[in-house]
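Presented below is the structure to which this report refers.
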Amino acid sequence: DVKVTQSSRYLVKRTGEKVFLECVQDMDHENMFWYRQDPGLGLRLIYFSYDVKMKEKGDIPEGYSVSREKKERFSLILESTSTNQTSMYLCASGGLRGGYTFGSGTRLTVV
Amino acid sequence: AQTVTQSQPEMSVQEAETVTLSCTYDTSESDYYLFWYKQPPSRQMILVIRQEAYKQQNATENRFSVNFQKAAKSFSLKISDSQLGDAAMYFCAYRSFTSGTYKYIFGTGTRLKVLA
């Protein structure tokens with residue numbers, strides 16, 4: 001089975017702190033994605049990557065950056081957290097025809 | 001731009017009964033994929049079923065089936081013989097077949113409650 005692992009399940013950070021959310025997949029997928037999930041808004045795409053060192057902005061990239069130095073790892077970086085970044089963050093990995101495989105999510109709370 | 005709409009924020013069904021979750025979408029493309037994902041309280045999103053738009057036959061996976069109406073841009077999910085383990089958030093998703101990128105557009109979700 002394809003596995004997508006997110007490094008943290010819960011995080012609590014203070015406003016202004018820097019946060020790294022790590023995501024690792026073990027299926028050699030080219031495509032990896034970061035979404036945030038908020039009640040009533042569904043999943044919104046932050047950034048995605050279709051190859052090592054390649055990245056593209058999604059629908060809500062402001063306040064976020066990403067890094068993909070290795071094919072299996074896709075990191076989401078919050079340079080200076082704010083309370084409006086309190087959310088569930090979901091990483092996904094996928095191929096051409098199949099659906100995504102998701103990680104189990106990181107619930108980030110910024111206080 | 002494509003959009004996906006799930007108009008039912010919450011649904012309930014009795015155990016062993018059948019329930020249908022609605023999804024409509026808007027696109028100008030002729031080829032695309034549609035998906036239903038399930039997110040139980042554990043938060044792990046699980047692919048339930050997939051439909052390629054060029055296939056006329058509705059997809060089926062055990063107790064889960066879809067009613068794909070391409071002209072109406074409708075993609076509903078039917079769950080037969082509902083079980084307590086079906087209780088979850090369900091998301092409908094669209095993916096372009098031809099765009100060259102693989103990003104999905106998700107609906108806002110429908111929370112399904114299964115009553116014992």
Given (1) of a type in the set (A, V, I, L, M, F, W, C); (2) out of contact with any Phe, Trp or Tyr (no Cβ under 8 Å at 6 or more places or on another chain); (3) within 14 Å of another protein chain (Cβ to nearest Cβ), index of the condition B:Ala16 fails | (3)
Conditions (1) touching a residue at least 60 places away in the same chain (Cβ under 8 Å); (2) open to solvent by 30 Å² or more (accessible area, probe 1.4 Å); (3) not in a loop (DSSP other than H, G, I, E, B): number failed by B:Glu17 | (3)
What is the one condition in (1) under 28 Å from A:Arg9 (Cα atoms); (2) open to solvent by less than 60 Å² (accessible area, probe 1.4 Å) that B:Pro9 does not satisfy?
-> (2)
If you take the residues in the range A:11-35 that are farther than 15 Å from A:Thr101 by Cα and either at pLDDT below 95 or among the basic types (Lys, Arg) (or both), which one is most open to solvent (accessible area, probe 1.4 Å)?
-> A:Arg14
Failed item, numbered, when A:Thr109 is tested on (1) at pLDDT 95 or above; (2) in contact with a His (Cβ under 9 Å, 6 or more places away or on another chain) | (2)
What's the number of the condition B:Phe75 fails, among (1) more than 11 Å from the chain's Cα centre (by Cα); (2) over 21 Å from A:Pro39 (Cα atoms)?
-> (1)
Wholly within the range A:22-111, which strands (runs of 3 or more DSSP E) include no fewer than the required count, namely at least 1 residues that are free of Cβ contacts under 8 Å to residues at least 40 places away in the same chain and either within 12 Å of the chain's Cα centre (by Cα) or within 14 Å of chain B (Cβ to nearest Cβ) (or both)?
-> A:42-51, A:54-57, A:65-70
Tell me, please, whether a residue that is closer than 21 Å to B:Gly107 by Cα and either at pLDDT 95 or above or among the polar types (S, T, N, Q) (or both) can be found in the range A:61-74.
-> yes
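The values are calculated or read from the model by the stated rules, or taken from the named source; none is laboratory data. Quantities reported herein were computed from a predicted structural model and do not represent experimental measurements. So basically every Cβ, Gly included, is an ideal-geometry build from the backbone, and we count neighbours across all protein chains shown. For accessibility, only protein heavy atoms count, side chains too; no ligands or nucleic acids. Shrake-Rupley method; radii C 1.70, N 1.55, O 1.52, S 1.80 Å.
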